[in-house]
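Structure record follows, encoded as structure tokens.
Values in this text are rule-based calculations from the coordinates and carry no lab data. Since we're looking at a predicted model, the values are computed, not measured. Note: ideal-geometry Cβ built from the backbone for every residue, glycine included; neighbour counts use all protein chains shown.
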Amino acid sequence: MDLNEDINSDKNQSSEAPLSPPNTSQSAPLKSNVDDRTQESSENQKLPSLRKIIKREGRVIEALPNAFFKVLLDDNKEITGFLSGKMRLNRIKILPGDKVTLEMTEYDMGKGRIVYRLK
């Protein structure tokens, strides 16, 4: 009978302190990691750009495959220009003879990104 009494006493002890989930209505809302990541990315966007971008204007001489173009700059240099992603998405057509604005880096002056078609 001692064994039964021990089991009953264990049941009584466990019923005294029932386990229940914590009440979340009174606790402070939890911060999600997603909010922290968006705050970090917005802070990174505030930093100045380290790349130096040079804007130039020119006239398209020839259309090449895959949205590449031969462009004659205003200072009579001929470079290869490629269409920017936004212009591809918006399906802006570039034809030979169009005046365009290009962005180039100081590292490769022979290639440029076409970012705007002038009228």
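Structural remarks
- As a proxy for reagent exposure, Val60, Val71 were ordered by neighbouring Cβ count within 10 angstrom, fewest first; the result is Val60, Val71.
- Beta bridge orientation in the range 54-119: antiparallel %, DSSP, nearest 5: 85
- Phi-derived couplings, Karplus 6.51 cos²θ - 1.76 cosθ + 1.60 at θ = phi - 60°, listed residue by residue for the range 92-107: 7, 8, 10, 10, x, x, 6, 8, 10, 9, 10, 10, 10, 9, 6, 7 Hz, with x used for Gly and Pro.
- Per-residue Cβ neighbour counts within 10 Å put Lys119, Lys111 in the sequence Lys119, Lys111, beginning with the fewest.
- Computed Rg/Rh of the range 53-117, alpha carbon atoms with Kirkwood Rh: 0.92
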